[in-house]
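Undergrad: Below are the structure tokens for one structure; questions will follow.
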Amino acid sequence: MNDPAVRVDTTSQVPPYEQIRAQLAALILTGRLPEGERLPTVRQLAADLGLAPGTVARAYRELEAAELIRTRRGAGTRVAALPSEPAGFHPDRLTTLARDFASAARALGADPEAILAAVGEALEQQA
């Protein structure tokens, strides 16, 4: 993870750990963070974001519980292989992506109308 892809808005109502979790999950699920990519250590990311290490640790724990990352002693924290699924529509995955996008958008300060407008615009561009 070379660039500072994760940002935290400490004035947001969304807790910082949730902002981190949602942004990393979105990067992983969309392939911007590929399998095997090494994530910063908890201490490093906490220092980069100006947060307590426990905040980043909680985000990492939740990502591990969702099986999006794995941590191994000596090997660090890396992006896990996404479960192989047959091609096609998966409502649960769509719900997760939507929740993560909404959370990340809220962290940027967007209101529900702006979030829906952005989704509508993205859909129109891909039509």
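Undergrad: Based on DSSP H runs of at least 4 residues, each adding -39500 (n - 2.57), what is the mean residue ellipticity at 222 nm of the chain after dividing by all its residues, to the nearest 500 deg cm²/dmol? Intermediate results must be reported in sequence, preceding the final value.
TA: Numbers: 5 runs with 67 residues, N = 127.
-17000 deg cm²/dmol, from helical runs alone.
Undergrad: Additional query: The range 1-53: which GluC sites (Glu not before Pro) are DSSP loop and have at most 14 other beta-carbon atoms within 10 angstrom? Write down the numbers at each step before the final one.
TA: Working: sites: Glu18, Glu35, Glu37; in loops: Glu35, Glu37.
Sites meeting the loop and neighbour criteria: Glu35.
Undergrad: Over the chain, what is the mean sequence separation of C-alpha contacts under 8 Å (at least six apart), divided by residue count, expressed as relative contact order in percent?
TA: Values: 122 pairs, mean separation 39.5, N = 127.
With pairs under 8 Å counted, the relative contact order is 31 percent.
Undergrad: Neighbouring Cβ atoms within 10 Å as the yardstick, rank Ser12, Ser103 fewest first. Mind dumping the intermediate values first?
TA: Details: Ser12 15, Ser103 19.
So the ranking, lowest neighbour count to highest, is Ser12, Ser103.
Undergrad: What Kirkwood radius, in Å to one decimal, follows from the Cα pairs of the range 16-126? Write down the numbers at each step before the final one.
TA: On the way: mean 1/r = 0.0662 Å⁻¹.
Value: 15.1 Å, from the Cα pair sum.
Coordinate-derived values only; no laboratory data. If you're wondering where the values come from, they're calculated on a predicted model, not measured in any experiment. Every residue, glycine as well, gets a Cβ built from its backbone with ideal geometry; the counts of neighbours run over all protein chains shown.
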